[in-house]
1. I'm checking my understanding of the structure. Among residues of region 78-99 that are open to solvent by 30 Å² or more (accessible area, probe 1.4 Å), of a type in the set (Ser, Thr, Tyr) and not in a helix (DSSP H, G or I), which one is modelled with the highest pLDDT?
2. Here's a check for you: in region 100-117, which residue that is crowded, with 19+ Cβ neighbours inside 10 Å and not β-branched (Val, Ile, Thr) is nearest to Trp131 (Cα to Cα)?
3. For region 47-54, check the following and say yes or no: at least one residue is under 23 Å from the mean Cα position of the chain (by Cα), buried (at least 18 other Cβ atoms within 10 Å of the Cβ) and over 15 Å from Ala8 (Cα atoms).
4. Please enumerate the residues belonging to region 118-148 that are open to solvent by 60 Å² or more (accessible area, probe 1.4 Å) and either small (Gly, Ala, Ser) or more than 13 Å from the chain's Cα centre (by Cα) (or both).
5. Can you tell me how many residues in region 1-15 are open to solvent by 40 Å² or more (accessible area, probe 1.4 Å) and modelled with pLDDT of 90 or more?
6. Does region 59-66 contain any residue that is among the charged types (D, E, K, R) and surrounded by fewer than 20 Cβ atoms within 10 Å (Cβ to Cβ)?
7. Inside region 22-39, can you point out the residues that are touching a Leu at 6+ places or on another chain (Cβ under 8 Å) and crowded, with 20+ Cβ neighbours inside 10 Å?
8. Taking the stated definitions as given, is Ile57 outside any helix (DSSP H, G or I), hydrophobic (A, V, I, L, M, F, W, C) and at pLDDT below 90?
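The values are calculated or read from the model by the stated rules, or taken from the named source; none is laboratory data. Note that the structure is predicted; figures quoted are calculated from it, not measured. So basically every Cβ, Gly included, is an ideal-geometry build from the backbone, and we count neighbours across all protein chains shown. Areas reflect the complete protein model, heavy atoms only, side chains present, ligands, DNA and RNA absent. Shrake-Rupley method; radii C 1.70, N 1.55, O 1.52, S 1.80 Å.
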Amino acid sequence: MPPSLPQAVLLVDGYNIIGAWSCLKKTRDTAGLEAARWELIEALTSYSAFLGYETQIVFDAQYQNTCSNKEIITELLSVYFTDFGQTADTYIEKVCASLRSSLAQSLISRMIVATSDRAQQLVVQGYGAEWLSAQQLCYEVEANVCRVRERYKPRKQSNTRFLANSIDAKARQRLAELRMGFK
């Protein structure tokens, strides 16, 4: 059986999101950039799994002399560090261009780019991608956490769990008397 198609491909401009989410900015400023990256990865891991989105978080290595690197975090989430001199925007645009035909042929149902960069928004929409601002993504991730909690929260034990709780008081009294040996 062929693997099912993802509901959507979500491309996330990692540093743009870190700079826009107050919780991630705080982590970046207190614990460092690496901690903020991992916090974003953790948040999007659950989000992607719950929605079935194939997600790629893109961090640019524009000012670091490193080669590109892709880390597979889960089946649905990967992290990509661009080549030296390449921005996350450029990488995301290339991916959108390459996925455009898959979108047209219905091989993927949606292509979504999360960034608050206005110029990037216009470019990716030209490729047929939907656009989410950093704040919209933050709201959706938080709403998803609430949905997951609601779906998987432990059910309150019912008082009718025991047979004795489902019968009237007079019958319960009579059973107690029989149990104690009273006639």
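1. Tyr80
2. Among residues in region 100-117 that are crowded, with 19+ Cβ neighbours inside 10 Å and not β-branched (Val, Ile, Thr), the one nearest to Trp131 (Cα to Cα) is Ala114.
3. No, the conditions are met nowhere in region 47-54.
4. Once the filter is applied, which keeps residues that are open to solvent by 60 Å² or more (accessible area, probe 1.4 Å) and either small (Gly, Ala, Ser) or more than 13 Å from the chain's Cα centre (by Cα) (or both), region 118-148 yields Arg118, Ala119, Leu122, Gln125, Tyr127, Glu130, Trp131, Gln135.
5. Of the residues in region 1-15, the ones open to solvent by 40 Å² or more (accessible area, probe 1.4 Å) are 1-5, 7, 15.
Applying the additional criterion that residues be modelled with pLDDT of 90 or more yields 15.
Selection size over region 1-15: 1.
6. So the first thing to find is which residues in region 59-66 are among the charged types (D, E, K, R), and the list is 60.
Add one more test, that the residue is surrounded by fewer than 20 Cβ atoms within 10 Å (Cβ to Cβ), and what stays is none.
No: region 59-66 contains no residue that is among the charged types (D, E, K, R) and surrounded by fewer than 20 Cβ atoms within 10 Å (Cβ to Cβ).
7. Residues of region 22-39 touching a Leu at 6+ places or on another chain (Cβ under 8 Å): 24, 36, 39.
Hits for region 22-39 are Leu24, Ala36.
8. In short, no.
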